[in-house]
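A.B. asks: Would you mind keeping the following structure in view while I ask a few things?
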Amino acid sequence: AEAKDHLTTGFVGTPYLNPVLSEIGNNELAYKLLFQKDYPSWLYQVTKGATTIWEHWDGIKDDGSFWSADMNSFNHYAYGAIGEWLYRYVAGIGTDELEPGFKIVHIKPQPGPGLDYAEASLETMYGKVESAWRRSEDNGMMIHVTIPANTNGIVVLPGANQLGLLENEVPVEQSRGVHSISLVDNGVRLQLGSGSYQFTYSL
């Protein structure tokens, strides 16, 4: 029973913590967990020189000793779901529940504290999906997205307002690939045809 509990909380529970926090609207706490450096955390591993995800939070301990001589992988899937959170929530790349396989691409970035720039790409059967965002010093936001050929995109620009929203330096209403524009609670929702887009706006 003890081993089962350890597996449940370690391998199953922890990786889903950040996605669940972002999903229920507590994105700031999810970012706080991302940037935590104390043990146990993902960045604790980075402070010890990690470039991959370890099997154990303390694969290398503070004193330099190893967690175990056996079963101590330094490139392991166990906590790797943090990567899924980074591309699904931070970069915001997702698929449509009714059109699986990225026939309809959803991009809904969720910027948070401590991060001024994020970029992610994902290869799909239709081609590469890209999402990148960058905050500027003058309280502006730039979001770049690529929607592959033979697909459509639904993009939510966080904190945007239609007034002053530009796509490739022209008003978004004049962009050829933008099929519809609507205001939502957390920004502006766009339906896009395939292509690459660069949106800029003030927060």
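A.B. asks: Just for region 123-148: of the residues that are aliphatic (A, V, I, L, M) and touching a Lys or Arg at 6+ places or on another chain (Cβ under 7 Å), which one is least open to solvent (accessible area, probe 1.4 Å)? Outline the logic, then answer.
C.D. replies: Within region 123-148, the subset aliphatic (A, V, I, L, M) is 125, 129, 132, 141-143, 145, 147.
Going one step further and asking which of them are touching a Lys or Arg at 6+ places or on another chain (Cβ under 7 Å), we end up with 141-142.
On the way: 141: 9, 142: 42 Å².
By that ranking, first place goes to 141.
This table checks each residue for (1) touching a helix residue (DSSP H, G or I) at 6+ places or on another chain (Cβ under 7 Å); (2) of a type in the set (Lys, Arg); (3) modelled with pLDDT of 95 or more.
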residue	(1), (2), (3)
131	no, no, yes
149	no, no, yes
155	no, no, yes
161	no, no, no
178	yes, no, yes
182	no, no, yes
189	no, yes, yes
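A.B. asks: Being assigned to a loop (DSSP other than H, G, I, E, B), under 23 Å from residue 135 (Cβ atoms) and in contact with a Ser or Thr (Cβ under 6 Å, 6 or more places away or on another chain) is the filter here, so list the residues in region 85-108 that pass it. Steps first, please.
C.D. replies: First, pick out the residues of region 85-108 that are assigned to a loop (DSSP other than H, G, I, E, B): 91-92, 96-103, 108.
Then drop every residue that is not under 23 Å from residue 135 (Cβ atoms), which leaves 91-92, 108.
Scanning region 85-108 gives 91, 92.
A.B. asks: Oh, and also: Just checking, which of 136, 131, 180, 121 is more than 27 Å from residue 30 (Cβ to Cβ) and among the polar types (S, T, N, Q)? Let's see the steps before the verdict.
C.D. replies: Details: 136 fails: more than 27 Å from residue 30 (Cβ to Cβ); 131 fails: more than 27 Å from residue 30 (Cβ to Cβ); 121 fails: more than 27 Å from residue 30 (Cβ to Cβ).
Residue meeting the stated conditions: 180.
A.B. asks: Can you list the strands (runs of 3 or more DSSP E) lying wholly within region 127-203 that have 1 or more residues being within 27 Å of residue 97 (Cβ to Cβ) and among the hydroxyl-bearing types (Ser, Thr, Tyr)? Steps first, answer last, please.
C.D. replies: Numbers: elements: 127-135, 140-147, 152-158, 178-184, 187-192, 195-202.
Result: 127-135, 140-147, 178-184, 195-202.
A.B. asks: Of all residues in region 149-161, count the ones that are open to solvent by less than 20 Å² (accessible area, probe 1.4 Å) and either among the polar types (S, T, N, Q) or over 16 Å from the mean Cα position of the chain (by Cα) (or both).
C.D. replies: 3
A.B. asks: Can you tell me which residue in region 78-102 is modelled with the highest pLDDT, limited to those that are of a type outside the set (A, V, I, L, M, F, W, C), open to solvent by 40 Å² or more (accessible area, probe 1.4 Å) and over 17 Å from residue 156 (Cα atoms)? Quick ask: steps written out before the conclusion?
C.D. replies: If we filter region 78-102 for residues that are of a type outside the set (A, V, I, L, M, F, W, C), which is where we start, we get 79-80, 83-84, 87-89, 92, 94-97, 99-101.
Still in the list and also open to solvent by 40 Å² or more (accessible area, probe 1.4 Å): 84, 87-88, 95, 97, 99-100.
The next check asks that each one be over 17 Å from residue 156 (Cα atoms); those that pass are 84, 99-100.
On the way: 84: 76, 99: 84, 100: 79.
Result: 99.
A.B. asks: With (1) open to solvent by 30 Å² or more (accessible area, probe 1.4 Å); (2) closer than 19 Å to residue 27 by Cα as the list, and residue 109 as the residue in question, which single condition is left unmet?
C.D. replies: (1)
A.B. asks: Does region 187-194 include one or more residues that are open to solvent by less than 40 Å² (accessible area, probe 1.4 Å), under 23 Å from the mean Cα position of the chain (by Cα) and of a type in the set (D, E, K, R)?
C.D. replies: At the first step, the residues of region 187-194 found to be open to solvent by less than 40 Å² (accessible area, probe 1.4 Å) are 187-188, 190, 192-193.
Going one step further and asking which of them are under 23 Å from the mean Cα position of the chain (by Cα), we end up with 187-188, 190, 192-193.
Now restrict to residues that are of a type in the set (D, E, K, R): none.
No, that holds for no residue.
A.B. asks: Then there's this: Mind checking whether some residue in region 124-131 is touching a residue at least 12 places away in the same chain (Cβ under 8 Å) and closer than 23 Å to residue 32 by Cβ?
C.D. replies: Step one: of region 124-131, the residues touching a residue at least 12 places away in the same chain (Cβ under 8 Å) are 124-131.
Filter once more, keeping what is closer than 23 Å to residue 32 by Cβ: 131.
For region 124-131, residues touching a residue at least 12 places away in the same chain (Cβ under 8 Å) and closer than 23 Å to residue 32 by Cβ: present.
A.B. asks: Exactly one condition in (1) within 25 Å of residue 26 (Cα to Cα); (2) open to solvent by less than 80 Å² (accessible area, probe 1.4 Å); (3) among the acidic types (Asp, Glu) is not met by residue 167; state its number.
C.D. replies: (1)
The values are calculated or read from the model by the stated rules, or taken from the named source; none is laboratory data. Please read these numbers as outputs of a predicted model, since none were measured by experiment. Heads up, the Cβs are rebuilt from the backbone with ideal geometry, glycines too, and the neighbour counts pull from every protein chain shown. Calculation scope for accessible area: heavy atoms of the full protein, side chains included, ligands and nucleic acids excluded. Shrake-Rupley method; radii C 1.70, N 1.55, O 1.52, S 1.80 Å.
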